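Asks: Can you read through this structure? Questions will come right after.
The values are calculated or read from the model by the stated rules, or taken from the named source; none is laboratory data. Keep in mind that this is a model prediction, so the values were computed, not measured. Neighbour counts run over all protein chains shown; Cβ positions are idealised from the backbone, glycine included. Side chains included, ligands, DNA and RNA excluded: accessible areas come from the protein's heavy atoms. Shrake-Rupley method; radii C 1.70, N 1.55, O 1.52, S 1.80 Å.
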Amino acid sequence: ANNPLSVVQNYLHILQMRLQHDPSATDQLEMIGTELSRATEIIQQARELPPVSEGDGAAQVVLGEFDVNELARRVQELHLGYAADHDVDLDLMVRPGAVLVRSDEQRLAQILNNLVRNAIEAAGGESVTIGTDTGVFREGREGVEVYVTDTGPGLPRAVLERLADPKESSKGGDHAGLGLHIVHRLVSELGGNIDVRTAAGQGTSFSLFLPLSL
């Protein structure tokens, strides 16, 4: 996987040189470069880490302070094209100013990417909203709430009962059926919690509680 990524990064650099006088294009290319670097880091970590038993994954959490709002904006930007292909409006509703946490930004980015992609696919031509909220407390801990809400058909009870289980996807194509299983594992590694609210014909909301500091 690193070989094709290196080729893409090389041509990306060429495009950046050719379009360096177009600010809007360079901003988009920088975002692509950031995501390519993130993919490369994930692959490198997977190569270097020994197999871990259940519950040991948190040992590899990389802590750093970052702005959750800025991450939400980046995730929205990355999925605007995908949303347009599915005739879905992708909105952002974040708290004013910066929302700073000390956590693992790469893990949270993977969680949001999975949730947003799933929501777009489920929305059925409706809308998806990525949002943040502050002043949230859970079991005596202060944190922030990050949510992804769609106005699609909602999730049936049979799906809800096995939401966190790795299973074969019914979507076909390149869907592995592991997206939400991975989301639940990553949320646990970040010391957070995730709730699901859904109703037939009224959509679904995934709400993540993330402590301010792990």
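Asks: With every protein chain left in place, what is the accessible area of residue 162 in Å² (1.4 Å probe, nearest 10)?
Replies: Accessible area, nearest 10 Å²: 130 Å².
Asks: Mind putting a number on the dipole of the stretch 66-120 about its Cα centre? Charges go on the C-beta only, +1 for Lys and Arg and -1 for Asp and Glu, and I need it in Debye to the nearest 20.
Replies: Charge dipole, the stretch 66-120, about its Cα centre: 260 debye, nearest 20.
Asks: Check which residues have an amide H placed less than 5 Å from residue 92's amide H, if you skip close sequence neighbours.
Replies: Correct list: 130.
Asks: Here's something else I'd like to know. Once a ≥ b ≥ c are taken as the square roots of the eigenvalues of the Cα gyration tensor of the stretch 68-116, is the result rounded (a/c under 1.5), prolate (a/b larger than b/c) or oblate (a/b not larger than b/c)?
Replies: Numbers: a/c = 3.18, a/b = 1.59, b/c = 2.00.
Oblate, because a/c is 1.5 or more while a/b does not exceed b/c.
Asks: Could you tell me which of rounded, prolate or oblate describes the stretch 2-46, using a ≥ b ≥ c as the square roots of the eigenvalues of the alpha-carbon gyration tensor, with rounded for a/c under 1.5 and, failing that, prolate when a/b is larger than b/c and oblate otherwise?
Replies: The shape class here is oblate.
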